[in-house]
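Asks: A single structure is presented below for examination.
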Amino acid sequence: LWAQEQLREYPIGQERAAWESAVGLEMSQLSSREAAIFDVLYATRRDLLTEMSDAAFASVAEHDDLQTLQLDLLKNTEDLRGLLDQKLLWLPSVAAIDGNWPLRVYRGALDTFSLEKLRRAFGVMMGEGRQYFPLVLLFTAFIGALLMLRKKMRLEIGQTAKSVGRVQKDSYWHTPKVIALCGLIALPVPLYLFLMGILFKSSESGDFFIQSLGQTGVELAGFTWFFLTWREWNREGSLLGAHFSLPASIRKRIGRQLRWFIPFAGTSIALVTVTQNSREPDIYEGFSLLAFIVTAIALSVFGGKILWAKREAFKKAFAEQGVMWRYRKLILALAIGLPLLSA
């Protein structure tokens, strides 16, 4: 554009007049040699401007052609992806485990927990916390209120349990109330994780690691809320015992397994989520894959400890003609086998 403007500003045959106007001298004041040099310089300048203009137009044309080719490539890629999704049942997402895999796991772990990434994450969290301080304050106040009311809510659950099965005091609303109260009791930790997740998600940083931390906080909040609520339902005098008459032997077994499963599986699930979108091969094909396998095995062990280790207790708890007992082998195979198959 600049070259075109310069060519329009100095039309052919008007170079001398334009120079006289710009400099304030008459061409007649120049010697014949100076006038000849002037003409050569202006001719050279015009040739260079013309070449620049032609090169600019050629560059624009090539850019348009490249953009068209990129759009065609993107469309063909999407068409091919759709075709593969229709025709292929299973496609590996990472390379097969081989002798170099332990080294990839080690390097991936070092990369995931590098001091640089941890400093970036801490800086983003502090910055977003300051920016959304009213939201942080609101969450903190609500979490504090839930912690203060936790004892009172558990007493209410105990009082409700005493009314279950008594004709004059029982009500259909007792069970939904206990379900909700247990959910509120279990909420503080998941709510804190959810807050961390939305703070990282709200960051304008395009860093994969920061965005993965946001997704990790949200997903981990859902995981911990479900299992912490289950732990509350499993307590003595709560939902499973007082309302559904689940035997104490089974509830104790579930309680013992939840104590190790919640922190262990929560940590491994967090590691899977924070690493699964990484572009680093050592992280995605090494450390993230290890975290996934550990999570799957933990799920299988958890299901086996509850369903397999207490077979006689489950036989007494569920009628032999009931659905749970009739399909116990299928349920056991799914609970233990599917996670192992995934691993």
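The values are calculated or read from the model by the stated rules, or taken from the named source; none is laboratory data. All figures in this text were calculated on a predicted structure; none of them were measured in a lab. Neighbour counts are summed over all protein chains in view; Cβ atoms, including those assigned to glycine, are modelled from backbone coordinates with ideal geometry. Accessible surface areas use protein heavy atoms only, side chains included; no ligands, DNA or RNA. Shrake-Rupley method; radii C 1.70, N 1.55, O 1.52, S 1.80 Å.
Asks: Read through the list (1) open to solvent by 80 Å² or more (accessible area, probe 1.4 Å); (2) of a type outside the set (Asp, Glu); (3) within 18 Å of the chain's Cα centre (by Cα), then give the number of the only condition that LEU115 fails.
Replies: The failed condition is (3).
Asks: I would also like to ask the following. Can you pull out every residue in the range 220-279 that is of a type in the set (A, V, I, L, M), under 27 Å from ALA109 (Cβ atoms) and touching a residue at least 60 places away in the same chain (Cβ under 8 Å)? Full working, then the answer.
Replies: First, the residues of the range 220-279 that are of a type in the set (A, V, I, L, M): 220-221, 228, 239-240, 242, 246, 248, 250, 254, 258, 262, 265, 269-272, 274.
Next, only the ones that are under 27 Å from ALA109 (Cβ atoms) stay: 220-221, 262, 265, 269-272, 274.
Correct list: LEU271, VAL274.
Asks: Spot the failing condition for GLY108; the list is (1) in contact (Cβ under 8 Å) with a residue 12 or more places away in the chain; (2) open to solvent by 80 Å² or more (accessible area, probe 1.4 Å), and only one is missed.
Replies: (2)
Asks: Regarding GLN168, is this residue out of contact with any Ser or Thr (no Cβ under 8 Å at 6 or more places or on another chain), assigned to a helix (DSSP H, G or I) and at pLDDT below 90?
Replies: Numbers: out of contact with any Ser or Thr (no Cβ under 8 Å at 6 or more places or on another chain): yes; assigned to a helix (DSSP H, G or I): no; at pLDDT below 90: yes.
No.
Asks: Further question: Of all residues being within 30 Å of SER342 (Cβ to Cβ) and among the polar types (S, T, N, Q) in the range 66-92, which is surrounded by the fewest Cβ atoms within 10 Å (Cβ to Cβ)? Just the residue, please.
Replies: GLN86
Asks: Anything in the range 325-343 that is under 10 Å from VAL301 (Cα atoms) and either among the β-branched types (Val, Ile, Thr) or modelled with pLDDT under 85 (or both)? List them, or say none.
Replies: ILE336 - this is the single residue of the range 325-343 that is under 10 Å from VAL301 (Cα atoms) and either among the β-branched types (Val, Ile, Thr) or modelled with pLDDT under 85 (or both).
Asks: Please verify whether the range 127-136 includes one or more residues that are closer than 23 Å to LEU195 by Cα and in contact with a Gly (Cβ under 6 Å, 6 or more places away or on another chain).
Replies: Of all residues in the range 127-136, those closer than 23 Å to LEU195 by Cα come to 127-136.
Pick out the ones that are also in contact with a Gly (Cβ under 6 Å, 6 or more places away or on another chain) and you get 136.
There is at least one residue in the range 127-136 that is closer than 23 Å to LEU195 by Cα and in contact with a Gly (Cβ under 6 Å, 6 or more places away or on another chain).
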